1. For region B:247-272 and region A:380-417, compute the distance between their C-alpha centroids and round to whole Å.
2. Could you work out the relative contact order of region A:507-566? I mean the mean sequence separation of Cα pairs under 8 Å and 6+ apart, divided by the number of residues, in percent.
3. Straight-line reach from residue A:349: which aspartates and glutamates have a Cα under 12 Å away, not including same-chain ones fewer than 8 places off?
4. Between rounded, prolate and oblate, where does region A:426-490 land on the alpha carbon gyration tensor, with a ≥ b ≥ c its root eigenvalues, rounded for a/c under 1.5, else prolate if a/b exceeds b/c?
5. So how far, in whole Å, is the C-alpha centre of region A:162-227 from the one of region A:98-116?
6. GluC sites (Glu not before Pro), restricted to region A:470-522: which are DSSP loop and have at most 15 other Cβ atoms within 10 Å?
7. Mind checking A:383-394 for the average number of partner chain beta-carbons within 10 Å of each residue's beta-carbon?
8. Using only Cα atoms, locate the centre of region B:159-231 and the centre of region A:497-566, then give the distance between them in Å, rounded to an integer.
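Since every read-out is calculated from the coordinates, none of them should be taken as a lab result. Treat the numbers as computed from the prediction; the structure is a model and nothing was measured. Positions of Cβ are backbone-derived with ideal geometry, glycine not excepted, and every protein chain shown enters the neighbour counts.
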Amino acid sequence: MPGKITKSLWQRGGFRLLAGALFVAGIGAVFASWTKSENVDRAPATLGEAVPEDFTGLRFHPAENFRYRYSFERKIEFRGFGNALPEVGYHGELTFDVLKAGEEGLEAVAQEKVEEYGGGMPSPLVKLSLTADGTNLKMFTTGKTATEEERQHIAVTKDLLSLWAFPLRKDTVGSYEATVQAQPAEAGQRVLKKTKLRYVEASAPVIVHSSHWMRWDEKTSLPGDLRGEETTKMGQKKNDLFSRTTYRLRLIAVEKIGMVKNIQFTKAEDMSLQREALMLAEHPDYAGLNWQAVLAQLRELEKMSANEQLSVFGDLVRLLKKDPALLKKLLAELPEADLRAGADSALFKTVIGALATLGSPEAQAALRSIFDDPNCPVSGKGSILAAFTTTQAPATPETRAFLAAKMGSEDKDVAQGAAFALGAALQGSAGDSAAVEKLRAAFRAERANNNLPGQLAMLDSMGNSGRAEYVPDLRETVASGNAELRARALFSLRFMNNAESADLISRGLSDPETMVRESATEAIKLASWNENFRAPLESCARGEKVSRIQASCGDILRAHPQMASN
Amino acid sequence: MTKQKLRSLILTLGLALGTADGAIAATDSFNETHGTEVLGKELSAGIQAGQVANTTTLQTKAKLTVLGVAMQALTALVSPPNTVRGTTYTEVYSFGKRIFTQSNVSQESGMLKYSIGISPTELRVPVVAYPVGPVVLQVDGGARFQANVVIQNSTEISFPIEYSAFAAQIQARAAAAGFVEGYAKFFVVRAGVGGQVDLVDAQANVNMRKTVGEAKPLVLVSAMAQFLKGHIYAFLDVFGLLKFGWRRLLDHDLYSWTGYCFATENLTCPAK
């Protein structure tokens, strides 16, 4: 891989490599005068007047067929895991060629040039569409396959655009909450300050400090000067990752350009930066994988501990994701002896597990084929059905039809396993009303026959699906006189995640039967949290007479502490 | 006593005592949970085996937490009957979904045995995103899990009826690993996190025997569980000018440990 990078960089000349390396060591000098003398927090000269909250009132309205040029500087300092690391910085120009501008907003083509990379070679073009109030930004590229370097340039452009569109509440991480305050004007120009408070997504990092400042240019109806500083962190104490980023964008020139060349921009780009599968291939846990080595380990699985087997399984899944063509070679490695051994064979289970985890249409077809092999014992069929039930990969229509057909199997265990798997296959998908109806009809048939174990199993199948279409049947069963059925129906509501199912589960906490109340707590543990659970759980934690249920209620409440109201 | 009843009695006693060869367990429950933190998020595993309080239901559970996301990897429940010709219920869930169920009415003396092989499965948890200027380091992660569960129910019907007995056993072998993957590259700098921790490698046998005439069952558990052995790392490379290759600037262990082991008295943890 380093050889590949060497060739691509070398093609652009050694001087560019020198520039690229120097920035890591000494680019701090470029920012020295700015960071020492201009502190973002001191930019407003005086703060004598009251400032209203959340004020923008901006209207982005530049002139059509004009080019607006900004200079930019970006610096990143980070500390990783107790170590201070070299600063990263870059600077260059960001240009906007305005195609259209009106009361609704503007359309423009943006491009950046980073001086440190490629000797100032321009980035791919990005077309943007921004509403006049600056709160909604859409981006498009040409859709042509970009090299890795071009993709990184597009990432730089997205980052700069998210800073330039000051009223926007979204950046390359995701949406965030922020406050905006008017500041005293400078040289007759409006000044605003934005403070990011938190990211909306719980998985986003913590914002330790945020300060973004903008001076509006009334003449061009665009930002004239923007600067900002942000500190984020992830982790704690010595195992933390801490970064402080600063930037500045300044409008430096406006030029008339005539008509902008007509280019087709067909690919919509999301603001957030997605990790690409291609890049993951360079990760050390992927880069060192070798098919022959993994194959050799597969043949030795029986001699390994359970966790060693899991490690081989993980490598196998990574290899199959990296190169789906290896699937056929993998299937060729499953000898008949292991097929006949079914769930007693570590190799059989590992292959089944890898196929189910991969979940591609070809992998699912292979699983169906192994299931139907006359040499596959019931234990093996059971493992395949369990794998179809727990995999996160969506089931293909062919797999759903296969599972529906296997519900008619003469072997009761296989038939029930197929019903469980079909229910799980319906989770997270819309449509396939035929499969939904099949499970419902099977449940109603068991109910008509007064077959309690059959009803319980079909309630489980519906519960695996999380499909709201089953709520009426479950509601009816929750109201039945049989405690076992009530308990199972309540538990089957766990994935349905709507107001009615949450209400039914909550009411179950006050059922006179212990097994029903216990079932309600188990359902809440697996359901998406709903604040309507809180009051009945608090009542349970205070007064439930069965200690294990009371303890469960307390555990659930501790896992979902009440947020302090602002 | 007929040959069939004698065989059933011997098997029943063997099950109640833990293994076919009669080794003795010394506890009625096993409950261990151990964890650590990586990048500020919890990484842990818990094994629970024994009798559900105030019931005759036996359970074995495995719970995992990866990057702060909790998952119930395995729940196996056996509920023997309280009466002759009652129903024994067996239920197995994996990651919150039912994968196996059985219900059998005990008509006569005998033993039923079910094996459930849960193939290795990989479940991914939501990404944690960390911005560093224009680059977002996305840390992906998940759990890998496999298990084998063998469930046995036996019934010995005797007369007078109060001497009839029921026995149940869950033998579970479960292993789980947590992994993280994160990678970001910005021109001449690349960084990431990776690695795997064996969250748990456990075996747990829960045995119960109850005579119809007795109020309480006899429950015995033998179990051993190893936790948290593994390595999670972080790295940062810079592309070097002179050597035209990547140079490692940072190689940091976020977690590295040989793990813990806990066992009931009749089992021995392996030497490290």
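1. 38
2. Once divided by the residue count of region A:507-566, the mean separation gives 29 percent.
3. A:302, A:338
4. Because a/c hits 1.5 or more and a/b exceeds b/c, region A:426-490 counts as prolate.
5. After rounding, the separation between the Cα centres reads 19 Å.
6. Values: sites: A:476, A:484, A:500, A:513, A:518, A:522; in loops: A:513.
Loop-located and lightly packed - A:513.
7. The shielding value for this peptide is 5.
8. About 26 Å separates the Cα centre of region B:159-231 from the one of region A:497-566.
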